[in-house]
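Worksheet: the structure to be examined is printed underneath.
Values quoted throughout were computed directly from the atomic coordinates according to the rules given, and no laboratory measurement underlies them. Model, not experiment: these values are computed from the prediction. A quick note on method: Cβ atoms are made from the backbone with ideal geometry, for glycine too, and the neighbour counts reach across all protein chains shown.
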Ligand SMILES: Cc1cc2nc3c(=O)[nH]c(=O)nc-3n(C[C@H](O)[C@H](O)[C@H](O)COP(=O)(O)O)c2cc1C
């Protein structure tokens, strides 16, 4: 039996880098656009992001610390998720800059906010897929012992979906050719997805 490196996170990992993010990865990126109560636009990436339900569709992201995106969702009850593709990687990265709440990250990264159909928060014009979302739950995380943590899980029902026509091949969403990127671990690792990563496996009957 191969020996394992075992650690209890509360006591430290004993490695040069915390492997947690690299193991639970690569992760999809929640590129979240919001509008503040004062109207200022906000855009930021969250890789603690995923889909959690099918009907109704629910997505969520977790903010480590109560960041501007959470404050805006709390104030307005709305957000938009935007897909990050390879051509948008650099601009996505620029939108994670730690700037005061009155700075519009769309302008900072040279991106175009475009009006959504159902919610007041804008979507990113340059992104080929966006989900308009209404806040369903805002959950403050706790430790196993029940101690509140300064981490905030924002869950939202998807109430509007935009898909660029070129990504619908005979009406089927073309994940393999959409150019999705995913966040790996460490300070800088990302992965991009293409047709070469696709394999098919059907469920047993
Ligand atoms: C790819 C990527 C993923 C990130 N994921 C998260 C995350 O899951 N949770 C988080 O709190 N911050 C995450 N960050 C950092 C936030 O984007 C950053 O703190 C940002 O300034 C928050 O913006 P806001 O205050 O406008 O919401 C990530 C950054 C990058 C580049």
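Checked against (1) more than 16 Å from the ligand (Cβ to nearest atom); (2) part of a loop (DSSP other than H, G, I, E, B); (3) within 15 Å of the chain's Cα centre (by Cα), residue 127 meets all criteria but (1).
Give me the residue from segment 105-117 that is more than 10 Å from the ligand (Cβ to nearest atom) and surrounded by 14 or more Cβ atoms within 10 Å (Cβ to Cβ) and, out of that set, farthest from residue 176 (Cα to Cα).
108
Where in segment 1-104 are there helices (runs of 4 or more DSSP H), lying wholly inside it, with at least 2 residues that are in contact (Cβ under 8 Å) with a residue 24 or more places away in the chain, within 9 Å of the ligand (Cβ to nearest atom) and surrounded by 13 or more Cβ atoms within 10 Å (Cβ to Cβ)? Of the helices (runs of 4 or more DSSP H) lying wholly inside segment 1-104, those with at least 2 residues that are in contact (Cβ under 8 Å) with a residue 24 or more places away in the chain, within 9 Å of the ligand (Cβ to nearest atom) and surrounded by 13 or more Cβ atoms within 10 Å (Cβ to Cβ) span 68-76, 89-94.
Which of the residues belonging to segment 169-188 are within 26 Å of residue 48 (Cβ to Cβ) and over 16 Å from the mean Cα position of the chain (by Cα)?
At the first step, the residues of segment 169-188 found to be within 26 Å of residue 48 (Cβ to Cβ) are 173, 175-176, 178-188.
Answer for segment 169-188, where residues must be within 26 Å of residue 48 (Cβ to Cβ) and over 16 Å from the mean Cα position of the chain (by Cα): 173, 175, 176, 178, 186, 187, 188.
When residue 200 is tested against (1) farther than 30 Å from residue 9 by Cα; (2) in contact (Cβ under 8 Å) with a residue 12 or more places away in the chain, exactly one condition is not met: (2).
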